[in-house]
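To start, the structure itself, in structure tokens.
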Amino acid sequence: MNIFLPFFFGYLAAVVGVIPPGLINMTAAKVSLIEGKKIAFFFVLGALVIIFFQTYISVIFAQYINLHNEVIILLRKIGLVIFLLLSIYFFKFAKNPSFINPDHAVEKSKHSRFFKGMFVSAINFFPIPYYVLISITMASYGIFTFDTLPELSLVIGAVLGSSTIFYLYVVFFNKMKSKTDFFINNMNKIIGTITGIVALLTLFNLLK
């Protein structure tokens, strides 16, 4: 079985899924703006650890989930509640960010940002049904089988694809720091809007 195709499509699927502004990449951009690139990369690393396990779990259970539609519906309901709560938090309770000196923030924040990356990634349930769909679609075209090597190839491709987009978000926003006052002052509202849109899309899918 060719393991290159699962890697390639896993990478491509991650790029397509992560490149739109979302909770993880926008939070990574926020951390980069406020605390610097190095701290943001600790956040990204934490997020990638969870993405690895989420993707691997979704691939392992893809066949089962595909045969039990109620599981997907349950995941959507959980995601709806979480993203509604996140929207309320970012609009009502989160404080507006302000720049701090990165030299004072590195030692204090790098480990906490790693775990924050894990947390933010863990509450994002959408990679699970997304990669279930990707793996099942690939299997239907005969370019993927539910064996160890193809599964690992797909997962590694997805993680590397995600890391590529996160890197671009961190570097892009960091280089544009002097021109991003709007994003700095409105980052919480932007993230809250994103989570609200995702919640509405989830509700729409549940009502279909």
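R0 = 45 Å: FRET efficiency of F4 with L200, Cβ-based, nearest 0.05? Write out the running numbers ahead of the final one.
Details: r = 38 Å, r/R0 = 0.84.
Here the calculated transfer efficiency is 0.75.
In nm, to one decimal, how far is the modelled label at I143 from the one at Y167, with both set 7 Å along Cα→Cβ?
Each label point is offset 7 Å from its Cα along the Cβ direction, giving 2.3 nm.
Calculate the spin-label point distance for I190 paired with F53, positioning each point 7 Å from the Cα along the beta-carbon direction, and give it in nanometres.
3.0 nm
Throughout, read-outs are computed from the coordinates displayed, never taken from laboratory work. Because the structure is predicted, anything quoted here is derived from the model rather than measured. We place every Cβ from the backbone using ideal geometry, glycine too, and count neighbours over all the protein chains shown.
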